[in-house]
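Undergrad: Structure provided below as structure tokens; questions to follow.
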Amino acid sequence: MVLEENELIKYFVAPNIILSKDSKGFYENGAELTASDIGEKFAEKDFKMKIQNEVSKFINRSFDNIVVLAGAGASVVANESGIDKNYGKTVGMIAKSIAQELGDLNIEESDSKADVNSESFFTIQQLSDMCNYRIPVKKESKFNEEFNLEDFLSKVLTYEQYLDDDDKEKDKYLKTVEKILEIIKKQTSYNFDTKKMNHGALLKILSSKLEKENKLTVVTTNYDTLFEEAAESLEMTVIDGFSFSYHPYFDSNMFDWKLVRDVSNVKTTQLEYKENVINLLKIHGSLTWERSESEQKIRRKQKDSVNNPIMVFPSSNKYVQSYEEPYFELFTKFQEFLRRPNTLLITAGFSFADNHIATMITQAIKHNPGLNVLVSDRNISHGHNNWKELYELMKNHFQVTFLKATLNDDLIDYVGEQNVY
């Protein structure tokens with residue numbers, strides 16, 4: 001990142017210390033840092049080491065429980081030109097892809113030509129006009145960064161119920177909505193790459209900080225299978241709320257079980273806990289889940305064999321869906337983990353813009369004195385109300401700390417040993 005002169009960016013924020021930098025140097029609580037008493041300039045490596053030390057003070061305690069909340073940013077991979085489009089995408093990137101495929105943007109703006117027939121589908125702007133969504137999808141002939149996919153879909157899905165069955169445009173409207181959801185599925189389906197993604201490293205580092213009888217818990221809003229694939233590459237056992245049967249079905253009681261065996265000594269009843277076991281709660285669904293209507297069960301399958309995956313799409317309707325199976329059970333379990341004493345919660349790539357989840361966390365911070373929260377994101381200076389509330393909680397001596405880091409960049413350097421593979 002190239003910093004403009006006097007542009008001060010925060011990298012670590014705790015109640016008593018703020019570490020930041022600009023184009024001229026590195027700062028602690030506004031005072032420039034020097035490498036020694038003779039006034040040498042701080043180097044980037046010195047600054048990063050200081051952040052590592054501060055993070056270590058916060059997380060390297062004897063926690064009984066560690067929970068990771070991974071948002072959309074946790075799947076993003078950056079390269080020299082920005083975000084690698086072959087992997088995780090921001091909601092804004094997905095919105096732009098939808099606009100491209102439905103023909104709102106000119107071909108030269110698209111990564112590929114639109115593959116839809118304009119007679120079969122509405123454009124995003126046409127849908128916006130129909131359902132009275134006021135923010136245009138284009139601004140000066142380019143994608144409008146202010147266009148909000150969640151708000152747009154909320155309007156679209158709400159308007160659907162007001163279409164009469166004899167409305168000539170209803171079929172085209174429904175096909176367009178189906179196409180949008182199909183694009184979202186496609187845009188969130190990618191495979192784990194050990195060379196570019198640090199999901200496995202994070203699992204290994206944080207699991208090592210717990211006693212064998214305590215499982216690391218990963219909670220994710222993402223539909224992708226990156227954590228499952230990372231765990232498999234490390235030969236870890238994943239408890240994801242599905243049975244261990246030949247055709248796994250959803251059973252939330254699975255999270256309450258631990259894998260143990262008798263110690264090979266006939267004179268003792270001591271049990272030995274299996275190592276490398278993690279909980280995985282996919283609170284917005286998964287590309288590998290499908291509802292079996294005939295059995296009234298939710299099955300987990302191979303990703304390429306699922307036709308209608310169970311997913312909470314980005315719209316206000318997701319709050320209603322979260323009270324349905326399996327989301328209700330998963331959210332309830334997440335809240336239970338947040339209420340446990342002596343717990344460390346690390347968020348990665350979650351901006352706290354989701355009010356439902358943000359409220360769960362802020363309420364847990366207020367009511368569980370044993371909850372410690374490390375908030376990590378590529379930007380730790382968001383301006384929305386949920387983020388401001390987190391800062392107020394920190395100022396009021398709750399255990400909240402902020403770290404500018406991303407999972408697939410430098411988060412693992414701050415939370416544990418490097419080169420863990």
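The values are calculated or read from the model by the stated rules, or taken from the named source; none is laboratory data. This one's a predicted model, so the numbers in the text were calculated from it and none came from an experiment. Neighbour counts are summed over all protein chains in view; Cβ atoms, including those assigned to glycine, are modelled from backbone coordinates with ideal geometry. We work out accessible area using only protein heavy atoms, side chains counted, and drop any ligands, DNA or RNA first. Shrake-Rupley method; radii C 1.70, N 1.55, O 1.52, S 1.80 Å.
Undergrad: Quick test of your reading of the structure: Pro15 fulfils all but one of (1) within 26 Å of Leu280 (Cα to Cα); (2) touching a His at 6+ places or on another chain (Cβ under 8 Å). Name the failing condition by number.
TA: Pro15 satisfies every listed condition except (1).
Residue-by-condition table, conditions (1) modelled with pLDDT of 95 or more; (2) β-branched (Val, Ile, Thr); (3) under 15 Å from Ile66 (Cα atoms):
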site	(1), (2), (3)
Arg340	yes, no, yes
Thr347	yes, yes, yes
Phe352	no, no, no
Asn355	no, no, no
Gln363	yes, no, no
Lys366	yes, no, no
Leu371	yes, no, yes
Glu417	no, no, no
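Undergrad: In the range 89-109, is there at least one residue being open to solvent by 10 Å² or more (accessible area, probe 1.4 Å), in a loop (DSSP other than H, G, I, E, B), at pLDDT below 90 and under 30 Å from Leu203 (Cα atoms)?
TA: yes
Undergrad: Output the qualifying pairs, or none if there are none: Cβ atoms under 6 angstrom, residues six or more apart or on different chains, first residue in the range 86-102 and within 26 Å of Lys195 (Cβ to Cβ) and in contact (Cβ under 8 Å) with a residue 40 or more places away in the chain, second residue open to solvent by 20 Å² or more (accessible area, probe 1.4 Å) and in a helix (DSSP H, G or I).
TA: Lys89/Gln187; Ile94/Gln187; Ser97/Gln187
Undergrad: Still on this model: Are any residues in the range 199-233 open to solvent by 30 Å² or more (accessible area, probe 1.4 Å) and either of a type in the set (S, T, N, Q) or not in a loop (DSSP other than H, G, I, E, B) (or both), and if so, which ones?
TA: Correct list: Lys204, Ser208, Asn214, Glu228, Glu229, Glu232, Ser233.
Undergrad: Still on this structure, please answer the following. If only one of Lys179, Lys185, Lys172, Lys155 is under 18 Å from Val312 (Cα atoms), at pLDDT 90 or above and either within 18 Å of the chain's Cα centre (by Cα) or part of a helix (DSSP H, G or I) (or both), which one is it?
TA: Lys179
Undergrad: Still on this structure: So which residues in the range 53-63 are more than 15 Å from Leu403 (Cα to Cα) and either modelled with pLDDT of 95 or more or part of a strand (DSSP E or B) (or both), if there are any at all?
TA: Matches in the range 53-63: Phe63 only.
Undergrad: All but one of (1) surrounded by fewer than 18 Cβ atoms within 10 Å (Cβ to Cβ); (2) touching a Cys at 6+ places or on another chain (Cβ under 8 Å); (3) within 17 Å of Thr123 (Cβ to Cβ) hold for Val156; state the number of the condition that does not hold.
TA: For Val156, the failing item is (1).
Undergrad: For the structure I just gave you, tell me whether Val320 is assigned to a strand (DSSP E or B), of a type in the set (A, V, I, L, M) and either out of contact with any Asp or Glu (no Cβ under 9 Å at 6 or more places or on another chain) or modelled with pLDDT of 95 or more (or both).
TA: no
Undergrad: What residue, among those in the range 1-52 that are among the polar types (S, T, N, Q) and open to solvent by 100 Å² or more (accessible area, probe 1.4 Å), is modelled with the lowest pLDDT?
TA: Checking each candidate, the answer is Asn6.
Undergrad: Something else about it: Scanning for something under 18 Å from Glu329 (Cβ atoms) and not aliphatic (A, V, I, L, M), does the range 269-282 turn up at least one residue?
TA: The answer is yes, given that some residue of the range 269-282 is under 18 Å from Glu329 (Cβ atoms) and not aliphatic (A, V, I, L, M).
Undergrad: Name the residue, out of Ser292, Ser351, that is within 22 Å of Val400 (Cα to Cα) and open to solvent by 10 Å² or more (accessible area, probe 1.4 Å).
TA: Ser351
Undergrad: Take the residues in the range 129-153 that are surrounded by 14 or more Cβ atoms within 10 Å (Cβ to Cβ) and touching a strand residue (DSSP E or B) at 6+ places or on another chain (Cβ under 9 Å), then tell me which one is nearest to Leu105 (Cα to Cα).
TA: The residue in question is Val137.
Undergrad: Another one. Within the set of pairs 6+ apart or on separate chains, which have a first residue in the range 240-260 that is assigned to a loop (DSSP other than H, G, I, E, B), a second that is open to solvent by 90 Å² or more (accessible area, probe 1.4 Å), and C-beta atoms under 7 Å apart?
TA: Leu259/Lys274
Undergrad: Over 18 Å from the mean Cα position of the chain (by Cα), in contact (Cβ under 8 Å) with a residue 12 or more places away in the chain and either surrounded by 17 or more Cβ atoms within 10 Å (Cβ to Cβ) or closer than 19 Å to Phe63 by Cβ (or both), is that true of Asn368?
TA: When the stated conditions are applied, Asn368 passes them.
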